[in-house]
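Engineer: Before I ask anything, let me first share the structure, which is written out below as structure tokens.
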Amino acid sequence: MDFTILAGPLLRRADASRLVFWLASRERLHFRLCLPDRAPLLFSEEQQQQIRVGKSCFIQLLDLPLSDPLPLDSEISYDLQWCRPDESHWHSMEEWGRELSFDGETLPSLVIRSRLDAMLHGSCRKPHHAAPDGLVAAERWLSEHREPAQRPALLMMSGDQIYADDVAGPMLTAIHQLINELGLYSEQLEGATVADSETLFANPLSYYRRHELLPDTQANLPLQKRFFEGARKPIFTTSSAANHLITLSEMLAMYLLVWSPVPWLLLPDKRPALDDEFTERYERERGRLVPFVEGLPAVRRLMAHLPTMMIFDDHDVTDDWNLTAGWEQTAYGHPFSRRIIGNALVAYMICQGWGNDPDAFAGNPSAMLRAWSEQPDREHQDQLINCLLKFDGWQYYLDTKPRVLVLDTRTRRWRSESNLNRPSGLMDWEALTELQGEMLNQEAVVVISPTPVFGVKLIEVIQKIFTWLGKPLLVDAENWMAHKGTANVIVNIFRHARTPANYVILSGDVHYSFMYDIKVRQHGGEPHIWQITSSGIKNEFPRRLLDVLDRLNRWLYAPRSPLNWLTRRRKLRITPHSPVGAARGERLLNRAGIGYVRFNEAGEPVCVQQITSEGVVDFIEPETQASPVLEQQQGRQAN
């Protein structure tokens, strides 16, 4: 097997006049793209952004404008060929990437849809979670829906593509082995008890005890509590920072390991020296990683066939990222935690953000990235991090029909001025104003909000109670309604006369899936809003706890409950859809997978499903839920 290409190609932004690919290689290469009935298209130096991140690792962003537009709604096979600078032989994907093709085909293919009539979406893919990988289920589903008219227009991954803050011991072992194999750049660390990355990796506390490597001074206790250790969350989950990624090389290695099977084939089967107390945990996590790695060929094939777009959420960086203004002061005020956050943003830019919207990074971010690549010292790394911490172009838009608006709900927050420990609004006034401008005069839009705009009300109330008690970190108290200013502005945007009549909001984050049908009271049913949440791709909520919360939410906040008039939703009528096969009245689906939505010409969702390893689950219309016959059928299916 040829190991020149480490990961990819991932098909990123794609339309009739432009194709963007992302991949990683072991050496410097030239590329060309071969399409049916066209001469090979050679990538110029401007069209091939090639960033060296180690002795034997190059990240490639291939951005090809097409003077002769591609046909719409047609299957187009493609062959991304590479050649070494000192050779003339072009290596075809039939030679180096046969496993990227579906059975019966010799090359991968793409379809440019004339309309956004369907898409896949999901978030939260934790490699060592016990749930099956939803991207593998998506690849299996796509293999049965390969006809152009059946293919989704794109795959949207709406956050937590990696878990930089919750890493299994065996994954950390693989990360360190891959760093050595590829010679990924080392770095110096300021404000830590270890001077550099090599010292960190060699330290006996590097596995399962990384929180002990923080500076042990009274002044840094807030840092340990709020940033690195994570807050214990007895109501929902327990965050673990025992193996939190720290260096840029660790984060880049993890991206390669979660998107491609090739890096795993380069690694020795060795376990680090561990204390007895961690050995059992290590082996348990190792058992869960085995099926994850086995599914990576399917994941790689899926992202070679579908345009794949992404946006970050907190775990791509660290749990509770920018939750409160106080958290930000603590985390960014210390050089060590600032470096960790900055490294995660650099890795996100290189592996995710760049391919979403290459034009947004064409100025200072790309220039500073290239400067660091050519001279990877602390000064250039700090300059790059400082640039990205000030960068406000993470959000982006797709001019499809309907239009897709992808929100940055992490870096442009509406901070509380009265209390630094109150949750920040997910977007500030300026960002929301820009969002409204992008919506004006559109008939319909699809909004990608990593966190649901309209979530499970009972859980939001619990989060509000803990906020009143001064403990928002205990329950991840970040939702759109947690901040009065943000909540009022986003609801007013929906009600604006010149904004769309139909909104579809696609979200993740919460580790369960649901669908709400939302209309504004006293406005003749307009606008019509659908909140569709699919989470997680490889993560699930604690089952018993979710059953209790779902039941209590139905009792307390049913559509006709008077308690709704005490919330910021009082001007809205929210009707939940039930997943088919659920027990009577159940609204939340706790099953890892990937969401599927199909739209009609008006941009309304006419089919909403969750694709799982066990099959496809539909969400049914609210009117249908009133049928006693169907409720009896649902009860029999659930039993």
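The values are calculated or read from the model by the stated rules, or taken from the named source; none is laboratory data. Remember, it's a predicted structure, so these values are computed and weren't measured experimentally. A quick note on method: Cβ atoms are made from the backbone with ideal geometry, for glycine too, and the neighbour counts reach across all protein chains shown. Side chains are part of the model used for accessible areas, which takes the heavy atoms of the whole protein and leaves out ligands, DNA and RNA. Shrake-Rupley method; radii C 1.70, N 1.55, O 1.52, S 1.80 Å.
Engineer: Per the Debye formula with a single identical scatterer at each Cα and no solvent contribution, what log10 I(q)/I(0) holds for the range 250-289 at q = 0.15 Å⁻¹?
Structural biologist: -0.47
Engineer: Averaged per residue, what accessible surface does the chain expose to a 1.4 Å probe, in Å²?
Structural biologist: Accessible area per residue, the chain: 39 Å².
Engineer: Let me ask something else. Please list 352-364, 190-202 highest first by mean number of surrounding beta-carbon atoms within 10 Å per residue.
Structural biologist: The peptides rank, most packed first, as 352-364, 190-202.
Engineer: Something else: With charges set only on the Cβ (+1 for Lys and Arg, -1 for Asp and Glu), what does the dipole of the range 1-78 come to about its Cα centre, in debye to the nearest 20?
Structural biologist: Charge dipole of the range 1-78: 440 debye, to the nearest 20.
Engineer: Another question, then. Plugging the Kirkwood radius over Cα pairs into Stokes-Einstein for the range 254-411, at a temperature of 20 °C and a viscosity of 1.002 mPa s, what D comes out in µm²/s?
Structural biologist: 117 µm²/s
Engineer: Regarding the range 263-328, what's the average projected area of the Cα-atom convex hull, expressed in nm²?
Structural biologist: About 7.8 nm², averaged over all directions.
Engineer: List, largest first, the extents of the alpha carbons of the chain along their principal axes, each in whole Å.
Structural biologist: Principal axes ranked by extent give 71, 67, 48 Å for the Cα atoms.
Engineer: Moving on to the next point. Under 5 Å between amide H atoms, partner at least 5 residues away or on a different chain: which partners does R18 have, H built in plane at 1.01 Å?
Structural biologist: Placed amide hydrogens put L66 under 5 Å from R18.
Engineer: Is there a quick way to get the dipole size of the chain? I mean about its Cα centre, with the Cβ of Lys and Arg at +1 and of Asp and Glu at -1; what is the value in debye to the nearest 20? Don't jump to the answer; show the numbers that get you there.
Structural biologist: Details: 68 positive and 81 negative charges, 500 e Å.
For this selection, approximately 2400 debye.
Engineer: Per DSSP H run of n ≥ 4, the term is -39500 (n - 2.57); total these for the chain, divide by its residue number, and report the mean residue ellipticity at 222 nm rounded to 500 deg cm²/dmol.
Structural biologist: After summing the helix terms and dividing by residue count, I get -9000 deg cm²/dmol.
Engineer: Same structure, new question: Convex hull over the Cα atoms of the range 23-72, averaged projected area in nm²?
Structural biologist: The directionally averaged projection comes out at 4.0 nm².
Engineer: Can you give me the Cα centroid spacing of the range 356-421 and the range 125-179 in angstrom?
Structural biologist: Using only Cα atoms, the two centres lie 23 Å from each other.
Engineer: Further, regarding this structure: Non-local amide H neighbours of V606 (under 5 Å, H modeled in plane, Pro and chain starts lacking H): which ones?
Structural biologist: R598, F599, N600
Engineer: May I have the count of lysine pairs in the chain with C-alpha atoms under 19 Å apart, counting pairs 8 or more residues apart or located on different chains?
Structural biologist: 15
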